[in-house]
Amino acid sequence: MNLSQNKPADTWSPLYFLASLGAGGLAVTFFMFLMFWVPHPGQPVPVFEDILAAFTGGTPLMQAAILVAVTGIAGFAFLNIKLLIWNLVRLSEYRKTPAYQALIGSNGETQLLAMPLALAMTVNAGFILGLVFVPGLWSVVEYLFPLAMFAFAAIALIAFRRIGAFLGRVLSDGGVFDVTANNSFAQLLPAFALSMTAVGMSAPAAMSTIPLTVGISLVLSIMLGTIAALYALVAAIIAMNSMLQHGTAKESAPTLMVVVPILTILGIMTMRQEHGLHTTFDAHGGTADTLLLTTTILAVQAVFLGLGLLVLKRQKYAEAYLTGEGNSPGSYALVCPGVALTVMLHFWINKGLVGAGLIAKFGVAYWSLTSLAIVAQISMIVLVFLLNKRHFGRPAGGHAIPAE
């Protein structure tokens, strides 16, 4: 990626953390291939040894799928980390500018929550890298779970401090929050960040065999997930009122679909918690519970996807920021719903439909539905490359195109 001067990304915004987030999300979509196609007896997720065994003893199609998966994971995880480091450096510089002071005095202060959101995604991506590429990791994984929970707790603390600064300002000083400029779901970004820490915090609940580790993971992830869901609900209701009165802000229109990734993340968190309750605390759920959960989530996601795409089309968003002369760092928010839909489709198909016995694994219906997830995944890969070229490549004529 060209990070030289004279490009739109030189006009930096905290929303560029979403570029790192999207790359990390795409790494997760490739891990779905391994998660649901590679046998992994003895642990809830595939590890290096399982992947190697499936590759050496598998069919050519299995080998091809594994090659695609590990290449995608490695490539997009590298991009995720590279963009995270770049954004952290730019944020450090940005804090010293008048633009930062203006930002923290406006509605846009919550854009800074994109930083802990991206950090949490990178920790999740790092764990996937360890599972896929580090031999013998599972033998020491119980020592890693406390470290992971500490990392997510630290990230959650960063998020809470920023949320506290924002809410403390707008709730104590009247008239500082511009309700007329709240005509999007941009204020759901704090809930998105907390959701990402919650799903990471819930991982030990599904994977650990130590009751204390599972219990701490359950308690903390439930608390974070509940707070995230409550924040999202309140912020969405307030924003909807403003959108009905003033219409949706064109540049922030992609945020209409931010509910999609939040629901996917909270859904995975819930499934991890249920698995931990079953394996460690002998709490048994019905075989169709996951089917009901994932189907409900997909139904709500379909509503917000349809609404978001309708508004984007009517406002000609693509012509303005994807194919035209304008560039907006908020365009990276378009990647999150597609990634989230891909992941939720994999869980719905494998844990829901196959788990409930409605379809056979690797049958015609299975691959027909899985193709929908793969199409969504490929679309998001193309979108990421398009956005990276527009924002990080040198524009035609060598002049930066400022973000609106």
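The values are calculated or read from the model by the stated rules, or taken from the named source; none is laboratory data. The shown structure was predicted, so the numbers you read here are calculated from the model rather than taken from an experiment. Every residue, glycine among them, receives a Cβ derived from its backbone with ideal geometry; neighbour counts consider all protein chains shown.
Kindly evaluate residue 205 against the criterion of being farther than 30 Å from residue 51 by Cβ, of a type in the set (A, V, I, L, M) and either in contact with a helix residue (DSSP H, G or I) (Cβ under 7 Å, 6 or more places away or on another chain) or surrounded by fewer than 24 Cβ atoms within 10 Å (Cβ to Cβ) (or both). No, not satisfied.
Any residue that is over 26 Å from residue 34 (Cβ atoms), surrounded by 12 or more Cβ atoms within 10 Å (Cβ to Cβ), of a type in the set (A, V, I, L, M, F, W, C) and touching a residue at least 60 places away in the same chain (Cβ under 8 Å) - is there at least one of those in the stretch 48-60? No; the residues of the stretch 48-60 include none that is over 26 Å from residue 34 (Cβ atoms), surrounded by 12 or more Cβ atoms within 10 Å (Cβ to Cβ), of a type in the set (A, V, I, L, M, F, W, C) and touching a residue at least 60 places away in the same chain (Cβ under 8 Å).
When 170, 123, 132 are screened for being without any contact (Cβ under 8 Å) to a residue 40 or more places away in the chain and assigned to a helix (DSSP H, G or I), only 170 passes.
So which residues in the stretch 151-194 are hydroxyl-bearing (Ser, Thr, Tyr) and either touching a Ser or Thr at 6+ places or on another chain (Cβ under 7 Å) or modelled with pLDDT of 95 or more (or both), if there are any at all? Correct list: 180, 184.
If I filter the stretch 312-334 for residues that are closer than 16 Å to residue 27 by Cα, hydrophobic (A, V, I, L, M, F, W, C) and surrounded by 14 or more Cβ atoms within 10 Å (Cβ to Cβ), do I get at least one hit? Scanning the stretch 312-334, I find no residue that is closer than 16 Å to residue 27 by Cα, hydrophobic (A, V, I, L, M, F, W, C) and surrounded by 14 or more Cβ atoms within 10 Å (Cβ to Cβ), so the answer is no. Within the option set 42, 58, being modelled with pLDDT under 95 and either among the charged types (D, E, K, R) or more than 26 Å from residue 199 (Cβ to Cβ) (or both) holds for one residue only, 58. Summed over the stretch 338-387, residues that are part of a helix (DSSP H, G or I) and either of a type in the set (A, V, I, L, M, F, W, C) or in contact with a Cys (Cβ under 7 Å, 6 or more places away or on another chain) (or both) total 29. Just to be sure, is residue 113 in contact (Cβ under 8 Å) with a residue 24 or more places away in the chain, surrounded by 17 or more Cβ atoms within 10 Å (Cβ to Cβ), part of a helix (DSSP H, G or I) and of a type in the set (A, V, I, L, M, F, W, C)? Yes. Taking the stretch 262-311, which residues are surrounded by 14 or more Cβ atoms within 10 Å (Cβ to Cβ), more than 21 Å from the chain's Cα centre (by Cα) and within 26 Å of residue 235 (Cβ to Cβ)? Within the stretch 262-311, just 311 meets the criteria.
Filtered by the rule that a residue be under 23 Å from residue 332 (Cβ atoms) and either out of contact with any helix residue (DSSP H, G or I) (no Cβ under 8 Å at 6 or more places or on another chain) or not aliphatic (A, V, I, L, M) (or both), the stretch 257-308 gives 261, 264, 267, 301, 302, 303, 304, 306, 308. Scan the stretch 274-299 residue by residue and report those that are modelled with pLDDT under 95 and among the polar types (S, T, N, Q). Scanning the stretch 274-299 gives 279, 280, 287, 290.
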